[in-house]
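Before any comments, here is the structure.
The values are calculated or read from the model by the stated rules, or taken from the named source; none is laboratory data. Note that this is a predicted model, so its numbers are computed, not measured. Heads up, the Cβs are rebuilt from the backbone with ideal geometry, glycines too, and the neighbour counts pull from every protein chain shown.
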Ligand code: GDP
């Protein structure tokens with residue numbers, strides 16, 4: 001190794017957290033060196049190569065710029081969406097403006113579909129409009145010589161997962177709010193998603209043609225959600241429109257282009273080719289058809305694509321009008337043929353040099369996933385361990401309560417806590433109602449925690465939380481809730497555990513052994529009994545004792561475990577009063593992942 005041990009490859013831009021990892025140091029140390037050099041950066045902040053090189057050199061490490069030819073795998077690491085991380089790794093000099101990607105969110109029936117239709121018809125050249133019969137989930141329009149890409153994500157609740165990701169894939173969110181109906185639950189949820197993804201919001205105040213439209217009331221409601229209209233001195237553009245009568249559509253386009261100009265919407269058309277899967281399905285004749293949004297590089301016919309876990313060579317490629325094309329640059333939606341399996345909407349796709357290389361990446365990812373599934377993403381305790389280590393300074397909470405009346409006292413108390421401590425608490429979403437899949441998706445996207453007060457989590461939400469490793473904590477007393485958060489902020493929260501039954505044994509007889517005491521002669525009826533597990537002694541339906549195993553023997557041998565169907569002798573610490581017919585239920589304590 002010699003000299004090599006002191007050289008580290010560093011990307012063009014990198015977050016403080018990732019830099020610390022690369023340099024095998026900790027974030028605090030990196031922040032200290034940065035500060036000593038006059039750079040105030042928080043853990044999620046990006047620093048450029050030159051800055052990173054200074055930090056490295058102070059640690060006696062030589063930084064070399066990462067070569068682009070390298071096969072890289074990207075992982076969802078911090079709070080920055082994956083696709084942004086990849087673009088961040090491009091040489092800044094090669095980045096040029098690309099069309100903004102816009103997604104339309106809003107409450108059901110507020111006019112998302114109508115607005116998308118209106119935009120399509122107002123802006124697509126005459127003659128072409130009729131041509132777009134095919135629905136591919138994304139399209140581009142031209143306004144005053146500039147392109148805008150729209151993601152047409154379905155409004156149905158089942159697509160909430162995709163909408164959450166949609167907000168992450170987009171550069172701008174157009175929030176549709178019906179002027180006669182105002183801010184509704186899904187409006188709030190959309191605001192939360194956009195905030196979590198740090199995507200700017202433009203409000204389309206729809207249905208202004210209606211006689212019962214009340215724009216001022218809606219603007220007041222929006223302000224209450226933190227979206228203060230620019231005409232009221234805030235920085236949210238609120239554009240009155242009527243999708244039905246095609247009023248204000250041009251103003252909306254202008255607002256989008258203006259917002260785009262003020263945001264850095266860039267990509268390298270010659271760089272690493274990747275993007276997001278918008279939707280995918282199987283066509284009986286054509287095989288797997290996938291709609292992709294190219295976010296960087298230029299996708300070409302014949303490219304080997306890895307989307308999620310699906311690999312394939314592009315056999316045919318179409319634009320959103322269904323016209324065959326040979327290549328597609330950044331912000332272009334395309335439909336491709338050639339994948340072998342149906343990828344999931346929201347998956348990232350990348351281009352690889354060969355199918356072999358792509359397969360190697362899939363294998364790696366599978367191994368990683370296996371590892372990851374055993375480590376929950378954001379249980380409260382883990383978050384707080386991070387706060388303690390100085391690795392996190394923000395706590396994102398999603399709060400659900402039984403009634404609206406409970407929201408205010410909880411939010412106020414949490415805000416008070418936030419003021420006291422160094423850690424910033426962001427309440428991303430607070431609402432009355434059971435904990436839903438959407439809440440869990442939001443927590444997952446923002447590495448947050450869901451807090452419930454006198455509510456339950458829907459079965460779908462529970463399942464999702466398990467899969468995504470999201471922590472849900474439910475309380476029935478406000479001060480306990482607040483106390484837990486307070487304790488947790490101080491890193492004192494005890495992890496919650498749940499019992500998982502691993503086996504049951506029936507007591508057939510008992511015998512007493514001098515010096516040891518009474519041992520239960522048992523037969524294992526299901527699962528297995530392990531030496532290091534805990535046991536409930538059940539008589540009928542009643543648990544009469546709970547404790548640890550002191551001895552476990554099978555045919556006079558001390559053993560670690562006894563499986564179903566076998567006989568064994570079990571001794572418990574602190575309990576001897578076994579009776580034939582008692583059931584010994586063995587359980588282990590697992591980290592309460594939810
Ligand atoms: P989505 O559920 O958000 O996609 O809403 P839709 O686009 O399906 O619209 C819901 C209903 O509102 C439909 O009956 C539309 O015709 C109606 N609608 C949509 N936009 C307008 C509008 O600008 N003015 C009026 N009066 N009705 C509208």
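Taken across the stretch 70-86, residues that are touching a strand residue (DSSP E or B) at 6+ places or on another chain (Cβ under 7 Å) and either part of a strand (DSSP E or B) or at pLDDT 75 or above (or both) do not occur at all. When you scan the stretch 408-421, do you find a residue that is at pLDDT below 80, in a loop (DSSP other than H, G, I, E, B) and more than 25 Å from residue 184 (Cα to Cα), even just one? Yes, the stretch 408-421 contains a residue that is at pLDDT below 80, in a loop (DSSP other than H, G, I, E, B) and more than 25 Å from residue 184 (Cα to Cα).
Residue check: residue 198 meets all listed conditions (1) in contact with a strand residue (DSSP E or B) (Cβ under 9 Å, 6 or more places away or on another chain); (2) under 25 Å from residue 446 (Cα atoms) but one, namely (1).
For the stretch 540-559, a tally of residues being surrounded by fewer than 13 Cβ atoms within 10 Å (Cβ to Cβ) and not in a strand (DSSP E or B) returns 4. Scanning the stretch 94-113 for residues that are out of contact with any helix residue (DSSP H, G or I) (no Cβ under 7 Å at 6 or more places or on another chain) and either part of a strand (DSSP E or B) or within 7 Å of the ligand (Cβ to nearest atom) (or both) yields a total of 7. Listed by first and then second residue, the pairs linking a residue in the stretch 210-231 that is part of a strand (DSSP E or B) to a residue that is within 16 Å of the ligand (Cβ to nearest atom), with Cβ atoms under 9 Å apart and 6 or more places separating them unless they lie on different chains, are 229/203; 229/238.
Please indicate, with yes or no, whether at least one residue in the stretch 144-153 is surrounded by 15 or more Cβ atoms within 10 Å (Cβ to Cβ), modelled with pLDDT of 75 or more and within 16 Å of the ligand (Cβ to nearest atom).
Taking the stretch 144-153 first, the residues surrounded by 15 or more Cβ atoms within 10 Å (Cβ to Cβ) are 146, 148-153.
Narrowing the set further to residues that are modelled with pLDDT of 75 or more leaves 146, 148-151.
Still in the running and within 16 Å of the ligand (Cβ to nearest atom): 150-151.
Yes: the stretch 144-153 contains one or more residues that are surrounded by 15 or more Cβ atoms within 10 Å (Cβ to Cβ), modelled with pLDDT of 75 or more and within 16 Å of the ligand (Cβ to nearest atom).
Considering the conditions (1) within 15 Å of residue 502 (Cβ to Cβ); (2) assigned to a strand (DSSP E or B), residue 537 is excluded by exactly one of them, (1).
The single condition from (1) part of a helix (DSSP H, G or I); (2) under 30 Å from residue 292 (Cβ atoms); (3) modelled with pLDDT under 95 that residue 278 fails is (1).
Looking at the stretch 246-261, is at least one residue surrounded by fewer than 15 Cβ atoms within 10 Å (Cβ to Cβ), part of a helix (DSSP H, G or I), free of Cβ contacts under 8 Å to residues at least 40 places away in the same chain and away from the ligand (no atom under 16 Å from the Cβ)? The answer is yes; a qualifying residue exists. Residues in the stretch 303-324 that are modelled with pLDDT under 95 and assigned to a loop (DSSP other than H, G, I, E, B) were compared, and the one that is farthest from the chain's Cα centre (by Cα) is 323. Considering the conditions (1) within 16 Å of the ligand (Cβ to nearest atom); (2) not in a loop (DSSP other than H, G, I, E, B), residue 195 is excluded by exactly one of them, (1).
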